[in-house]
Amino acid sequence: MSKDKLVIFDTTLRDGEQSPGASMTQAEKVRIAKMLEKMRVDVIEAGFAIASPGDFEAVKAVANAVKNSTVCSLARAVDADIDRAAEALKGAASSRIHTFIATSPIHMKYKLRMEPDAVLERAIHAVKRARNNTADVEFSLEDGSRSDFEFMCRIIESVIDAGATTINIPDTVGYGEPAEYGAMFRRLIETIPNADKAIFSTHCHNDLGLAVANSLSAVMNGVRQVECTINGLGERAGNAALEEIVMAVRTRKDVFPVETGIQTEHIVPTSRLVSTITGFPVQPNKAIVGANAFAHESGIHQDGVLKHRETYEIMKAEDVGWNANRIVLGKHSGRAAVKARFEELGVSFENQDALNLAFARFKELADKKHEIFDEDLHTIVSSSSAKNIAEKYLLVDMEVCSKTGQKPSASITLQVDNKDVIAQAEGGGPVDAAYKAIESVAKSESDLQLYSVNAITQGTDSQGEVTVRLEKNGQIVNGIGSDTDIVVASVKAYLMALNLLESPSIKSHPQRDGV
């Protein structure tokens, strides 16, 4: 029996970026978009074009770079938003405008301060205006899971008549329960006269840990598009995880009446890329992409897997990209081999200077550790792209002392606006001492919200990847640093964050409205 196509709509670059500190540069968005395209994601929501000049340029860059996926921009039901989205998407081979307005009583009353009839009129106008620019228009009923059923029927029927081709009913605040949420879709599809003229979509947040369950329940009740993100990234508790949706549908073919076109072997490499760029490590026990997802420690489990894999594994690790990209480079590897591997990972270089910088960093790292893995290459590219940031603070030299019975201390030489400055401090540990020394010079008055350490690969010579999140006057930035010396990595991350605070237009956390 033939199965329906389930459209995979990835919003990592838009909703995922709304995680505090997860903002991405234009170049980073294009890198992720190219990997999503390689994975054969159907729709890539590249951003919110009117949110800022940087967002506009990022949507435009993704639209120009991606040829095999539809590129989408979010827009409120406002003329200026829709026009800006259309302008950003001009270069796309296939484009979609995703417009939305809140429809729940609480949102209409307290946020919009609009009566339902006015909301309905605004929605119809927005869809018609979007259709003047593209034939592919998605309309979302923000806070749909808490909206009045009769009003939803009115507005959905009207916007489909106005030209909407996809209807998204998001669980904006993660309030939905699977049986209830799925039944809502079934009832809407059966009630609305022109429901067959549009694809119904789900967009679930994970506040109660039910985003994937709610999304799959919706699929079982007629939904044919799922909006999701890599690693479940997203504001608050995140969104439905793409990898979990896709593999649930693929693994339980006996249950789900749909299939996706996703090339699943690219899931793990894409997960690692997003993790590296955003600085959000993937927890070891995360489904599909966590380090322990296919690990077996229990003797009983090990024995069963050795005798017959299916005793304890319902998926093949290779099918989602585990081990498939385990090529090892070293200090004797040449420029051509390194460039070729970067290209296999979806990384291209704008010019020869960019390649030379990445290759120099590769050689520098190869002198410190014997084997270079794909994860190391991702960090090299991220570190190289950080060179595009105006660097007020540069690390010149550092000496730290940590000895039993003595208070740790650090002496750091920084280049500040092209002038060397030496700073010293003591702290609770070598990293604390180093940060206090830096702050004695920078006097940033920022708040350290997160300090996270993650081993990039296995082994005691692994690079440590450090993520530092700083907040100042409501602006949140992430700094990422990697090195085989964890203290050096920590200092690199802190200095990157400070430089980002000095360049807020390049990489600052967007405070936006959205579904």
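Which residues, taken from the range 1-49, are in contact with a Phe, Trp or Tyr (Cβ under 7 Å, 6 or more places away or on another chain) and over 25 Å from L450 (Cβ atoms)? Within the range 1-49, D42, V43, E45, A49 qualify. Is it the case that some residue within the range 88-97 is of a type in the set (K, R), buried (at least 17 other Cβ atoms within 10 Å of the Cβ) and not in a loop (DSSP other than H, G, I, E, B)? Yes, the conditions are met somewhere in the range 88-97.
All conditions in (1) closer than 19 Å to K5 by Cα; (2) β-branched (V, I, T); (3) free of Cβ contacts under 8 Å to residues at least 40 places away in the same chain hold for V219, with the sole exception of (3). Of the residues making up the range 121-129, not a single one is under 30 Å from D83 (Cα atoms), among the aliphatic types (A, V, I, L, M) and not in a helix (DSSP H, G or I). Only residues that are over 16 Å from the mean Cα position of the chain (by Cα), surrounded by fewer than 21 Cβ atoms within 10 Å (Cβ to Cβ) and small (G, A, S) were counted across the range 194-237, and they come to 3.
A single entry from A455, A433, A437, A425 fulfils the requirement of being among the aliphatic types (A, V, I, L, M) and over 20 Å from S402 (Cα atoms): A455.
Listed here are the residues, each with its yes/no results for (1) modelled with pLDDT of 95 or more; (2) in a helix (DSSP H, G or I); (3) outside the structural domain of L141 (by TED's automatic domain parsing); (4) in contact with a helix residue (DSSP H, G or I) (Cβ under 9 Å, 6 or more places away or on another chain).
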site	(1), (2), (3), (4)
G176	yes, no, no, yes
G182	yes, yes, no, yes
L188	yes, yes, no, yes
D196	yes, yes, no, yes
F200	yes, no, no, yes
C204	yes, no, no, yes
D207	yes, no, no, no
S215	yes, yes, no, yes
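With respect to the conditions (1) in a strand (DSSP E or B); (2) β-branched (V, I, T); (3) within 23 Å of E243 (Cα to Cα); (4) in contact (Cβ under 8 Å) with a residue 40 or more places away in the chain, V41 falls short on a single one, namely (1).
Among residues of the range 264-310 being polar (S, T, N, Q) and part of a helix (DSSP H, G or I), the one that is modelled with the highest pLDDT is T264.
Looking across the range 457-466, just one residue is in contact with a strand residue (DSSP E or B) (Cβ under 7 Å, 6 or more places away or on another chain), in contact (Cβ under 8 Å) with a residue 40 or more places away in the chain and surrounded by fewer than 24 Cβ atoms within 10 Å (Cβ to Cβ), and that is S462. Of all the numbered requirements in (1) closer than 28 Å to S271 by Cα; (2) surrounded by fewer than 20 Cβ atoms within 10 Å (Cβ to Cβ); (3) at pLDDT 95 or above, T70 misses one, and that requirement is (2).
Among the residues of the range 1-22, those identified as under 10 Å from A46 (Cα atoms) and of a type in the set (S, T, N, Q) are T11, T12.
If you go through the range 392-448 and keep only what is crowded, with 18+ Cβ neighbours inside 10 Å and either among the small types (G, A, S) or in a loop (DSSP other than H, G, I, E, B) (or both), you end up with P408, S409, A410, A423, A425, G427, A433, A434, A437, A442, S446. Suppose the filter is within 14 Å of T134 (Cβ to Cβ) and in contact (Cβ under 8 Å) with a residue 12 or more places away in the chain; does E57 pass it? No. For the range 348-366, the condition holds for at least one residue, the condition being that it is aliphatic (A, V, I, L, M) and touching a strand residue (DSSP E or B) at 6+ places or on another chain (Cβ under 8 Å). Entry remark, the range 442-494: residues being within 22 Å of the chain's Cα centre (by Cα) and not hydrophobic (A, V, I, L, M, F, W, C) number 17 in total.
The values are calculated or read from the model by the stated rules, or taken from the named source; none is laboratory data. Values in this document were obtained by computation on a predicted structure and should not be read as measured data. No Cβ is skipped: glycine too gets one built from the backbone with ideal geometry, and neighbour counts run over all protein chains shown.
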